[in-house]
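Remarks on the structure that follows.
What follows draws every value from the coordinates through simple rules; no lab data is involved. Keep in mind that this is a model prediction, so the values were computed, not measured. So basically every Cβ, Gly included, is an ideal-geometry build from the backbone, and we count neighbours across all protein chains shown.
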Ligand SMILES: Cc1cc2nc3c(=O)[nH]c(=O)nc-3n(C[C@H](O)[C@H](O)[C@H](O)COP(=O)(O)OP(=O)(O)OC[C@H]3O[C@@H](n4cnc5c(N)ncnc54)[C@H](O)[C@@H]3O)c2cc1C
């Protein structure tokens with residue numbers, strides 16, 4: 001590693017540390033004790049520009065990569081443990097399919113509010129009967145004249161109590177009809193409509209400040225404009241987005 005890069009990394013860590021300095025052990029203990037989302041920390045990180053670390057500069061981000069994001073998250077975790085890290089990490093990595101596979105209109109509409117901390121995203125892939133075998137998810141997005149309607153269940157969705165938006169993976173072609181089982185899955189990023197999605201918090205041990213949830217999705221309408229990339233390619237988008245930069 002050249003001296004310049006080492007110095008840039010140290011400057012980054014120091015910059016994150018300056019925000020963290022405002023949030024001591026009493027703050028994190030209080031969030032954990034009360035099960036309270038660390039809103040003030042989230043806001044401070046957004047105001048200092050850190051939520052856009054991996055977002056393109058054209059949309060208000062810093063255009064940096066996974067190495068810098070990892071350094072940032074390591075410093076954040078040293079400040080408030082999983083409560084601090086989980087309060088922001090979904091917004092760094094979860095929406096990355098929009099960066100890599102979204103169109104210009106979607107990037108312009110979806111990314112700046114995330115960078116500014118005005119929108120909070122949650123990330124809904126895991127299901128009660130489909131953990132690591134993602135191809136077995138049953139949540140279905142059926143075609144309508146106006147777009148899609150989504151029905152199904154998700155589990156372990158982090159921050160769903162606070163999210164304004166949801167990145168959701170759903171089957172647009174049934175498993176049995178796909179020659180390749182990783183196909184027929186599509187990715188949507190849309191408003192978290194609480195009339196159509198019930199989020200039930202799961203009691204758990206530790207990280208009480210950041211909620212874990214089971215979601216019941218019932219007739220969630222999503223327009224074509226909120227589908228990320230091509231129909232049926234969502235699985236590939238998900239697992240490739242984190243390793244590629246915006247085109
Ligand atoms: C606190 C928390 C937060 C989370 N947040 C989110 C979130 O925001 N969004 C989201 O979508 N998901 C989230 N998850 C879900 C997480 O990603 C899943 O738990 C994970 O994908 C594993 O799924 P599973 O728990 O159903 O385990 P399973 O898939 O049931 O696996 C259980 C065990 O079996 C092993 N196993 C599974 N298949 C095989 C195989 N074929 N061969 C050998 N071993 C195998 C696994 O290694 C594992 O040890 C969260 C989970 C937790 C606990």
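Using only alpha-carbon positions, what ratio does the radius of gyration of region 71-140 give when scaled by 2.2 N^0.38 Å?
1.33
Taking a label point 7 Å from the Cα of residue 67 along the Cα→Cβ vector, which residues of region 1-38 have an amide N closer than 14 Å to it?
Of the residues in region 1-38, 1-13 have backbone N under 14 Å from the label point off residue 67.
Would you mind telling me the antiparallel percentage of the DSSP bridges in the chain, rounded to 5? Can you show the working numbers first?
Working: 30 of 36 bridges.
Just about 85 percent of them are antiparallel.
Given the DSSP H assignment, sum -39500 (n - 2.57) over each helix run of at least 4 residues in the chain and divide by its residue total; what's the result at 222 nm in deg cm²/dmol, nearest 500?
After summing the helix terms and dividing by residue count, I get -11500 deg cm²/dmol.
Once each part is reduced to its C-alpha centroid, what is the distance from region 162-177 to region 9-54 in angstrom?
31
Over 5 Å intervals from 0, what percent of Cα-Cα pairs in region 87-218 sits in each interval?
That works out to 2, 10, 20, 22, 21, 16, 7, 2, 0, in percent per bin.
Calculate the all-directions average of the projected area of the chain's alpha-carbon convex hull, and give it in nm². Spell out each step's value before the answer.
Values: hull surface 55.7 nm².
Computing the convex hull of the Cα atoms and averaging its projections yields 13.9 nm².
Tell me, what is the FRET efficiency for residue 43 and residue 74 to the nearest 0.05, using R0 = 25 angstrom and their Cβ-Cβ distance as r?
Numbers: r = 21 Å, r/R0 = 0.85.
Result of the calculation: an efficiency of 0.70.
For a quick protection proxy, order the peptides 145-156, 200-211 by their average other-Cβ count within 10 Å, most packed first. Show your work: numbers first, answer last.
On the way: 145-156: 17.8, 200-211: 14.6.
The most tightly packed comes first, giving 145-156, 200-211.
From the square roots a ≥ b ≥ c of the eigenvalues of the alpha-carbon gyration tensor of region 145-237, which class results: rounded (a/c under 1.5), prolate (a/b over b/c), or oblate? Write out the running numbers ahead of the final one.
Working: a/c = 2.20, a/b = 1.62, b/c = 1.36.
Here region 145-237 falls in the prolate category.
Mean-square fluctuation check for the chain, GNM, Cα pairs under 10 Å: which of 75, 109, 227 is largest?
109
Which of 178, 31, 79 has the fewest other C-beta atoms within 10 Å, and how do the rest follow up to the most? Numbers along the way, then the final one.
Working: 178 15, 31 24, 79 21.
Going from least to most buried by this count: 178, 79, 31.
Calculated FRET efficiency, residue 7 and residue 58, Cβ-Cβ r, R0 41 Å, to nearest 0.05?
Details: r = 26 Å, r/R0 = 0.64.
Calculated transfer efficiency: 0.95.
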